[in-house]
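The values are calculated or read from the model by the stated rules, or taken from the named source; none is laboratory data. If you're wondering where the values come from, they're calculated on a predicted model, not measured in any experiment. Don't worry about glycine lacking a Cβ; one is built from the backbone with ideal geometry, like all the others, and counts go over all protein chains shown.
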Amino acid sequence: MAAVIESPALRTLLRFGSGAGIVAGERDLDVCLARVRPGRAGVAGLLRIENYRERPASEWGREYAAFLAKHQASHLAAWLVLPRQEVIVRHLRLPGVADRDAAAAVAFQLDSLHPFASGEVLHGFRRIGRTASFCVAVAEQQVIDFYTALFAEAGVKLAGITFSGSAVFVSARLYAPPPAEGFLAVRETEAAAGPSVEIYGESPACPLFSAVFDQPRERAAALAAAELRLGPEAPVLAWEELLPKPAADGPAAGPALSPEAWAAALAAACPHLGATVNLLPPAMRAASSRAQYAPTAVLAAVLVLLGAAIAADGLWMERQYRRLLEAEMARLTPQAQHVEKLDREMAAAVQRIELLEAFRRRTRSHLDALLELNNMIEPPGWLLSLQVTPEQASLWGESPRADELLKKLEASPRFQGAEFTAPLSRGAAGDVFRIRARREDGAR
């Protein structure tokens, strides 16, 4: 039951057509002709055929044909809305079932959805929106046979047979979606068995609910709200509030507008925007003349041509922009290459400057270390050999206080880890020592 087309702009453009809806009552037939346009929907004509069950079908069939001819709608095949009591409606959830497998899945569970014997029923179904829920309608074979034979005898072409809730679901979304949080739509009807209440509703838990109650209005609404899992604050609407308002330039005289017939006519006018549940066997379905879709086809063709022109213009502009961009890149490439060359030369110069600065700092560090070592070795001590590297200093010489020299090196902030690399021995000026210490400043 999902709309075939979901783009708002395209739905507005294709909101165009005419449809006929017929409601089969216990005594009368209510007929409505609807004309749908992008901005509004109007009632083209209304007809009530009284006592159709008792009158000859050919008689009221001529009345219906004259009505269609008067409104230039003889080409239309009507949708018939059965009395709600003659249709069983079930809400079926089939998670993970694709559309191509839905028919088999519904048929597999069909026997559990109705109380009739197998083979004595006809059914139709539609997926509800994009959900995993399906609406399944079931009617006895003899009921469908009765209406198809009756309308065939009357010469009335039928495009489908449905129930009121299915027609309302489609027509309520023709111009604007109904409240997404859920609602109830209530109408009171009169039947031979007494007054009844028909309720249509939607909620996140049950996307389509349709039922008839033989209880008071308040009690019926409470039961329906519980089935839909709606709270007490959920809006309760009249059916007329849920459906699109007919244009004010409709027929000035005639029978009152039946909301069921209005909903069926709207759904029949734009079947490409939403499909109702159809209980009529496919072999017996009549199609309306496709001439009514000529304006839509012309507008669609114009739209396609305009779209193609816009796309071609976009491609041409893109090629022009690419050509200009490539020319500008070719003009600026030599300058960019020159800038890159200057960047490389500047980076090399900076690297050389940093290298020279490092050598300068290293020389100063070596001189500072040499000066400090010279101050540590007091006369008559002297050095035979001194090696200073960025990492360490190695000393070889004589001093009368070699042990104190080791302590001075440890106390110096420039050296660390001083140690004798050979045992002390006696020389002419004192102890002969060999000392190694790590450079603390690193001489970098």
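Consider the range 262-287 and keep the residues that are surrounded by fewer than 23 Cβ atoms within 10 Å (Cβ to Cβ) and under 25 Å from Arg40 (Cα atoms). The one that is modelled with the lowest pLDDT is Ala287.
Kindly evaluate Leu306 against the criterion of being among the aliphatic types (A, V, I, L, M) and under 46 Å from the mean Cα position of the chain (by Cα). Yes, satisfied.
Exactly one residue out of Leu29, Leu92, Leu76, Leu113 is surrounded by 13 or more Cβ atoms within 10 Å (Cβ to Cβ), modelled with pLDDT of 95 or more and either farther than 21 Å from Pro259 by Cβ or of a type outside the set (Val, Ile, Thr) (or both), and it is Leu29. If we scan the range 373-384, do we find a residue that is in contact (Cβ under 8 Å) with a residue 24 or more places away in the chain, touching a helix residue (DSSP H, G or I) at 6+ places or on another chain (Cβ under 8 Å), in a helix (DSSP H, G or I) and not aromatic (Phe, Trp, Tyr)? For the range 373-384, residues in contact (Cβ under 8 Å) with a residue 24 or more places away in the chain, touching a helix residue (DSSP H, G or I) at 6+ places or on another chain (Cβ under 8 Å), in a helix (DSSP H, G or I) and not aromatic (Phe, Trp, Tyr): present. The set of residues in the range 32-67 being surrounded by fewer than 14 Cβ atoms within 10 Å (Cβ to Cβ) and not charged (D, E, K, R) consists of Pro38, Gly39, Asn51, Pro56, Ser58, Ala66.
The residues on offer are Ala211, Ala220, and the sole one that is more than 17 Å from Ala264 (Cα to Cα), over 21 Å from the mean Cα position of the chain (by Cα) and in contact (Cβ under 8 Å) with a residue 40 or more places away in the chain is Ala211. Checked across the range 63-79, the condition of being small (Gly, Ala, Ser), closer than 24 Å to Phe125 by Cα and more than 38 Å from the chain's Cα centre (by Cα) holds for no residue. Can you tell me which residue within the range 420-442, out of those that are farther than 19 Å from Glu378 by Cα and surrounded by fewer than 16 Cβ atoms within 10 Å (Cβ to Cβ), is modelled with the highest pLDDT? Among residues in the range 420-442 that are farther than 19 Å from Glu378 by Cα and surrounded by fewer than 16 Cβ atoms within 10 Å (Cβ to Cβ), the one modelled with the highest pLDDT is Arg438. Only residues that are modelled with pLDDT of 90 or more and either among the small types (Gly, Ala, Ser) or not in a strand (DSSP E or B) (or both) were counted across the range 180-195, and they come to 3.
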